[in-house]
Amino acid sequence: MVRIGAEEEFHVVDVESGRLVPRARAVLDRVHRPGFTTELQQSVVESNSGVHDTLDGLYTDLSGARRRLDAAASSLGLAVVAAGTVPLARISPREVTADPRYRHMADEYRKVADEQLICSAQVHVDVPDRDTAVRAMCLVSPWLPPLLALSASSPFWLGADTGYASWRTMLWQRWPTAGPAGCHADARKYDAAIDELIASGVISDAGMVYHDVRPSAHQRTLELRVCDACPRVETVVLVAGLFRALVRDACERLADHDGPLCDGPHDWLRAATWRAARSGLEGTLVDPHTRRAAPAADVLRRMRDRLRPALEASGDWETVHTLLEQALASGSAAHRLRRAAAEDDLLASVDLMVDETRGGRTVRRPAAVRRPAAPAGASRALSPLHSTAAGDTVG
């Protein structure tokens, strides 16, 4: 069985104002469990799942981690939010986590580091060896922009609508090593390229290789890094199922061929990633087969169907099929957050983020009782948030 795991990052927000706050350490001090850690910014906490054979197991693990974080945050008058960005935040160079490595990054990269008020979801998939991981990167890379579109959850930045479904992607791509991974013949050549980057002084260690996909430095896995954090845990599970199928398919193709399988230069991938970040599920994507614009739903359904043998081999076909249709029907998180803000205010989108992170489905208020939009800078208490606790299975 090809095993999977995931890392999720969460913003910490104040329940009363909905604003981002640098209180990650206080939340982590109340979790009392391994698998949770800090990040570059003091406003972000990270959870690390166990390793799982099934999507059901991953779903249960991620849901439990979210419940534990929510309980810890709630006891402090805070909430945690899984999304690429939150609407209400301020930039401060003084709010980097007190760690020597993070302090160096803040000093070296300045405003790029200061503005990393962003969260992502990362997926790890088992691979046979590091050579296979490096060679598989080339085969899976054309299909990563559609996964970004599925996860897009960051339309707002510093109180304004950016016009993008994933503004996190635009902020993230300012790091010197962010973006498509490129193609390498084997692990030796890949590692030599990373060593050269470190020797140049542009990055300080291999952990700062922020490619959209990369071989893990510590585990025998291929790691997906292109996605926004996702309010709904089901979206993370869907992305994980599709990425596992991509990796499984790539590994099988590599095992059946002696020579390289790269289909040519990947210069177009940066443009395809931009398109996914701009459009999410509500516009067009660059179809990896034709390299022409096509509706996002068509690209994703073709991707799912192409991967059916790999999905069935992992027992994931029914779950992925169901979750994908649900995702396409409800639209991207960016679309849902914009709708909440348009019908009420930005804090209503925070309500929605918090509730979906908890596993609930917000019941929208009738128009007759909906509050008027709050003036810029106004704050209010978040509306009561219910949690319809997620079950133990997916699909």
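The values are calculated or read from the model by the stated rules, or taken from the named source; none is laboratory data. If you're wondering where the values come from, they're calculated on a predicted model, not measured in any experiment. Reconstructed Cβ throughout: ideal geometry from the backbone, glycine too, with neighbour counts over all protein chains shown. Areas reflect the complete protein model, heavy atoms only, side chains present, ligands, DNA and RNA absent. Shrake-Rupley method; radii C 1.70, N 1.55, O 1.52, S 1.80 Å.
Roughly how many debye, to the nearest 20, is the charge dipole of region 233-305 about its Cα centre, given +1 on each Lys and Arg Cβ, -1 on each Asp and Glu Cβ, and no other charges? Each step should come with its number before you reach the end.
Values: 11 positive and 11 negative charges, 57 e Å.
That gives a dipole near 280 debye.
Output the relative contact order of region 121-194, whole-number percent, from Cα pairs under 8 angstrom with separation of 6+ residues. If you can, show how the numbers build up before the last one.
Working: 50 pairs, mean separation 30.6, N = 74.
So the answer I get is 41 percent.
Add -39500 (n - 2.57) for each DSSP H run of 4 or more in the chain, then divide by its residues: what number comes out at 222 nm, to the nearest 500 deg cm²/dmol? Walk me through the numbers on the way to the answer.
On the way: 15 runs with 167 residues, N = 395.
Mean residue ellipticity, 222 nm, calculated: -13000 deg cm²/dmol.
Quick one: give the max-minus-min coordinate of the C-alpha atoms of region 82-159 along each principal axis, largest first, in Å.
Largest first, region 82-159 extends 42, 31, 17 Å along its Cα principal axes.
For Asp161 and Arg270 in the same chain, what is the full-extension length gain: residue separation times 0.36 nm, less their Cα-Cα distance, in nm? Present the calculation step by step, with values, prior to reporting the outcome.
Numbers: separation 109, 0.36 × 109 = 39.24 nm, distance 2.27 nm.
Computed gain between Asp161 and Arg270 is 37.0 nm.
Let me see the P(r) profile for region 26-157: every Cα-Cα distance counted, bins of 10 Å, each bin given as a percent of all pairs.
10, 31, 38, 20, 2
Can you tell me the FRET efficiency between Ser74 and Met1 if r is taken as the Cβ-Cβ distance and R0 is 22 Å, rounded to the nearest 0.05? Write out the running numbers ahead of the final one.
Numbers: r = 36 Å, r/R0 = 1.65.
The pair Ser74/Met1 has a calculated efficiency of 0.05.
With unit charges on the beta carbon (Lys/Arg positive, Asp/Glu negative), name the residue among Val320, Ala181, Thr357 whose Cα is farthest towards the positive pole of the charge dipole of the chain.
Thr357
Hey, how much of the P(r) for the chain falls beyond 30 Å, as a percent of Cα pairs?
Values: 28256 of 77815 pairs.
Percentage above 30 Å: 36.
Distance from a point 7 Å along Cα→Cβ of His32 to each backbone N in region 75-95: keep the residues under 16 Å and list them by number.
Hits in region 75-95 for His32 at 16 Å: 75-76.
What residues have an amide H closer than 5 Å to that of Ala165, excluding those fewer than 5 places away on the same chain, when H is modeled at 1.01 Å from N in the peptide plane?
Amide H neighbours of Ala165, under 5 Å, 5+ apart: Arg278, Ser279, Gly280.
With a 1.4 Å probe and every protein chain left in place, work out the accessible area per residue of region 1-151 in Å², rounded to a whole number.
Values: 5400 Å² over 151 residues.
Here the per-residue accessible area is 36 Å².
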